[in-house]
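Heads up: the structure comes next, in structure tokens.
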Amino acid sequence: MSRPVRILRASRAWLRFLLPAAALAAVLGAGALAWAETEAVPTYWEGLWRSLALVTTVGFVGPVPTSATGKIVSSVLMILGFALMAMTTAAVASIFVREDEISEESRERQFEQAVLAELGELRREVKRLRGSGRASADADTSGAVSRDDSGGGDPRGFGAAR
């Protein structure tokens with residue numbers, strides 16, 4: 001299997017872990033935002049709403065966080081939301097790409113099988129030719145080399161005709 005296909009499968013596998021992680025981050029982020037931003041986020045449910053808005057890349061719903069903790073939590077939720085969106089998009093795209101690659105892979109396999117079959121035939125032909133070449137070479141070295149009377153000509157018996 002080629003490397004791009006492995007990468008695409010890996011992106012779908014990561015989605016299994018990223019979705020629960022994003023949900024957990026949204027729930028924990030809601031509590032952190034409610035704790036850190038008491039003026040802007042008065043309740044946990046308001047924090048959950050803001051947390052979901054950040055994870056789904058909508059952005060801030062209401063005032064921007066003022067505390068360092070609120071900013072850090074918001075930043076982590078935004079980055080996690082971006083990663084979730086990117087991985088989801090990659091997983092959906094890989095479904096379509098995979099369908100195209102399956103037919104391409106089968107064509108490549110058929111081509112490789114045809115080339116290997118042809119290579120096997122060529123090896124058998126070379127082996128056969130070497131075997132018949134050895135037989136004729138053995139006959140030539142047994143002293144049956146013919147030359148014409150003049151001493152010239154081809155040692156295989158193909159001398160010039162007079």
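Bear in mind these aren't lab numbers, they're just calculated from the coordinates by the rules spelled out. Quick caveat, the model's predicted, so the values are computed rather than measured. Ideal geometry is used to build each Cβ from the backbone, glycine not excepted, and the neighbour counts take in all protein chains shown.
Brief remarks on what is shown
- Look at Val41, Val97 and count the other Cβ atoms within 10 Å of each Cβ; fewest to most, that gives Val97, Val41.
- Neighbours of Phe111, meaning other residues whose beta-carbon lies under 14 angstrom from its beta-carbon, give a summed charge of -3 when Lys and Arg score +1 and Asp and Glu score -1.
- Three-way shape label, the range 3-100, alpha-carbon gyration tensor, a/c 1.5: prolate
- Proximal charge balance of Ala36 [Cβ under 15 Å; K/R count +1, D/E count -1]: -1
- ³J(HN,Hα) computed for each position of the range 44-57 - Karplus, 6.51 cos²θ - 1.76 cosθ + 1.60, integer Hz, glycine/proline x: 4, 5, 5, x, 5, 4, 5, 4, 5, 5, 6, 5, 8, 6
- Residue among Val92, Leu19, Val61 farthest towards the positive dipole end of the range 3-100, charges placed on Cβ: Val92
- The loop-placed chymotrypsin sites (Phe, Trp or Tyr not before Pro) in the range 53-124, going by DSSP, that have at most 13 neighbouring Cβ atoms within 10 Å of their Cβ come out as Phe60.
- Ranking of Arg50, Arg128 by neighbouring Cβ atoms within 10 Å, starting from the fewest: Arg128, Arg50.
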